[in-house]
Amino acid sequence: MSYPFQIKSIEQYHAAYKKSVADPEGFWGEVAGSFYWRKRWDKVLDWNFKDPDIKWFSGGKLNITENCLDRHLGTLGNKPAIIWESNDPDEHHRVLTYRDLYQKVVQFANVLKNNGVKKGDRVCIYMGMVPELAIAVLATARIGAVHSVIFGGFSAQSIADRLQDAQSEFIVTCDGAYRGNKDIPLKSVIDDALVQCRFVKKVVVLTRTRIPVSMIKGRDLWWEDEIKKVETMGNPDCPAEEMNAEDPLFILYTSGSTGKPKGVVHTCGGYMVYTTYSFVNVFQYNPGDIHFCTADIGWITGHSYIVYGPLCAGATSVLFEGVPTWPDAGRFWDIVDKYKVNVLYTAPTAIRSLMSYGLGPVHSHDLSSLKVLGSVGEPINEEAWHWYDENIGKGKCPIVDTWWQTETGGILISNLAGVTPSKASYATWPLPGIQPVLVDESGNELEGNGVSGNLCIKFPWPSIIRTTYNDHERCRTNYFATYPGMYFTGDGCLRDESGYYRITGRVDDVLNVSGHRIGTAEVENAINMHAGVIESAVVGYPHDIKGQGIYVYVIYGNTHGDENLTRQDIAQTVSRIIGPIARPDKIQFVSGLPKTRSGKIMRRILRKIAEGEIDNIGDTSALLDPSVVEEIKKGRL
Ligand code: WT7
């Protein structure tokens, strides 16, 4: 397989960029031409950002799994599609060739069909990082159903919210999941969620950890039994459902600055084209390379750069069940060495955590297969960038700092490995087709170099968010209304004197904890549900490993008893309501919160205190009761 759209020199990058702006339809039409369409599109792009209403490749018909699987069988049938590394380094790894993966996807697609799943139905997938997770995702797409993958670190309540929002009647899960020394009881969490979701018809359960699970007659089914059933039925085929380019492919929930998580919707055609295009160009993937993205498929990074992008490109993708520090901090390097990984794509939080173990675990492994390193999820600090460059890349592997979001579907700003220049802690330049603009608070475009502002994108790209599930108005107000005519990212950004982009972090009330997006309002809602809590305010503060930590100020009514126990109780409530990923790091009890006369909490002040900038609080004259600030400063944790 070769990629006619692969950019191989800086001149080609500039030419592609120029063309993508001058003639976007011509540009993307050409890229899309190298995919397999059942029927070619009539129109490359129709759009307005006002509603928003964005259509790529209208009239085109396809199934993304034919592009991920069927199309490769002739040439790559015996090549590994997925290499699976168990959490347990002593358990044998699994290799699924393109033919194996195809057969397993087809089988499971038939299982879904047999259980009544139809085109357009939402299938919720809550599994650990086993090959069957990728199989379930692809099987859902094959029959034209819509997957909604939920990360294993979310609680029963979060699952119930997502099941209800998407009205998912079908669930695929595991008995349990291994992660490091933990054994997570996934099915039991699902059971707790289902107490509130009586509309769920079927739960398919894959055996992984074999912890005891309850199986309800008529509703709960073992994956293995269902596979046997379709095997005895004889027909090993499952023709891919013909989808319109703009039919939904999946929903993925993500946090915003207000309310409950929203279901970001991506559609079949544009998502396929953009994830593959960006995969090949950013990582400079060449046929035969081994690609290792360490994300979980529960996040967009896993969707786009473990499953869809790599498989559409006919790549070999490593799927790792475990965590970077178990059984020791050499686990990633062990995997790189074992499978001769060429491209390693991970998160700054993982790099920082591994840095803290020193170089011992690095030096005991051969990393010479590495050609390209990637970073994603949060700004990478210079120290981590240089450590990654010197000790992992040995100074010879370009690092791609890839900026993007759940809503963007694929990487929008990044250097192209070895093709365009890199710069420590800069995402650098936009990919072809991406037109970034920086705006000031009132929405005026800041032109020229050496400016900072809010990052917007002024023209659609093929994998842009289409809607938020069941609530199009929320999509409009969240992303397209702040600065009319533009998609607003929620990030602050600097364009330096040479025109390189550096993402400076969120400008809204969204935290980025270990690369996970968490809304402060969501955490406050959970804390306020705890008995005894009168009011709370949540802010982020710099955390050495996680990037940001969660700092909570609580007004607590009933102060008898042990403060530390109460802190743990509050943290437990957050774990229950959202999931362990949102567990607060610090909880400070206060008697009041800094509020304006109109009752608005002045978060700026709370943020400064949490960050330790107590002497630099700024103006407090607008506060109803400035004395509360002194008390909060004194009690800082
Ligand atoms: C937010 C999106 C994109 C997949 C993982 C996270 C931050 C992401 C970078 C980067 C600086 C980054 C932004 C963005 N972010 N990548 N390379 N440099 N910041 O997806 O959960 O949708 O979060 O992550 O703040 O808005 P997500």
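Computed on segment 436-506, the Cα convex hull volume stands at 92 Å³ per residue. When the chymotrypsin sites (Phe, Trp or Tyr not before Pro) in segment 318-359 are filtered for DSSP coil states and for at most 14 other beta-carbon atoms within 10 Å of their beta-carbon, the remaining sites are Tyr357. The residues neighbouring Pro327, those whose beta-carbon lies less than 10 Å from its own, together hold a net charge of -3 under the Lys/Arg +1, Asp/Glu -1 convention. As a ratio to 2.2 N^0.38 Å, the alpha-carbon radius of gyration computed for the chain takes the value 0.95. A full extension of the chain between Asp496 and Thr207 corresponds to an added length of 98.8 nm, given 0.36 nm per residue minus the alpha carbon distance. The mean accessible area for residues of segment 436-506, using a 1.4 Å probe and ignoring ligands and nucleic acids, is 40 Å² per residue. Taking label points 7 Å from Cα along the Cα-to-Cβ direction, Ser58 and Gln164 give a separation of 3.7 nm.
In terms of the Cα gyration tensor, with a ≥ b ≥ c the square roots of its eigenvalues, is segment 36-175 rounded because a/c is under 1.5, prolate because a/b exceeds b/c, or oblate? Oblate, because a/c is 1.5 or more while a/b does not exceed b/c.
Rounded to two decimals, the Cα radius of gyration of segment 489-546 over 2.2 N^0.38 Å is 1.49.
Heavy-atom accessible surface of Ser188, to the nearest 10 Å², is about 50 Å², with a 1.4 Å probe and all protein chains retained. By definition, a body whose alpha carbon gyration tensor gives a ≥ b ≥ c is oblate when a/c is 1.5 or more and a/b is not larger than b/c, and segment 87-241 fits this oblate description. Here the Kirkwood formula puts the hydrodynamic radius of segment 290-366 at 12.9 Å, using every distinct Cα pair. Here Glu242 and Ala622 are evaluated by their C-beta separation; at R0 = 60 Å the FRET efficiency comes out at 0.50. Using the alpha carbons alone, the radius of gyration of segment 376-429 stands to its Kirkwood radius in an Rg to Rh ratio of 0.97.
Over the chain, with every protein chain in place, what whole percent of the accessible area is carbon and sulfur at 1.4 Å, could you tell me? Whole-percent figure for carbon plus sulfur exposure: 50. The trypsin sites (Lys or Arg not before Pro) found in segment 97-200 that occupy coil by DSSP, while having at most 13 further C-beta atoms within 10 Å, are Lys118, Lys119, Arg198.
Here r is the Cβ-Cβ distance between Asp225 and Gln6 and R0 is 45 Å; the resulting FRET efficiency, rounded to 0.05, is 0.50. Note on Asn564 and His92: their simple-model spin labels are 4.9 nm apart, each label 7 Å out from Cα toward Cβ. Sum up the charges of everything whose Cβ sits under 15 Å from the Cβ of Gly635, counting Lys and Arg as +1 and Asp and Glu as -1, but leave Gly635 out. Counting the neighbours of Gly635, the net charge comes to +3. Taking a ≥ b ≥ c as the square roots of the eigenvalues of the Cα gyration tensor, segment 529-637 is oblate, since a/c reaches 1.5 or more and a/b is not larger than b/c. The loop-placed trypsin sites (Lys or Arg not before Pro) in segment 366-456, going by DSSP, that have at most 13 neighbouring Cβ atoms within 10 Å of their Cβ come out as Lys394, Lys396. Extension gain, Asn48-Lys586: 0.36 nm per intervening residue step, less the Cα-Cα distance, totals 189.3 nm. Modelled label positions at Lys396 and Asn449, each set 7 Å beyond Cα in the direction of Cβ, lie 3.2 nm from each other.
The values are calculated or read from the model by the stated rules, or taken from the named source; none is laboratory data. Note that the coordinates shown come from a computational prediction; the quantities given were computed from them, not determined experimentally. Reconstructed Cβ throughout: ideal geometry from the backbone, glycine too, with neighbour counts over all protein chains shown. Each accessible area value is taken on the protein alone, full model and side chains, heavy atoms only, with ligands, DNA and RNA left out. Shrake-Rupley method; radii C 1.70, N 1.55, O 1.52, S 1.80 Å.
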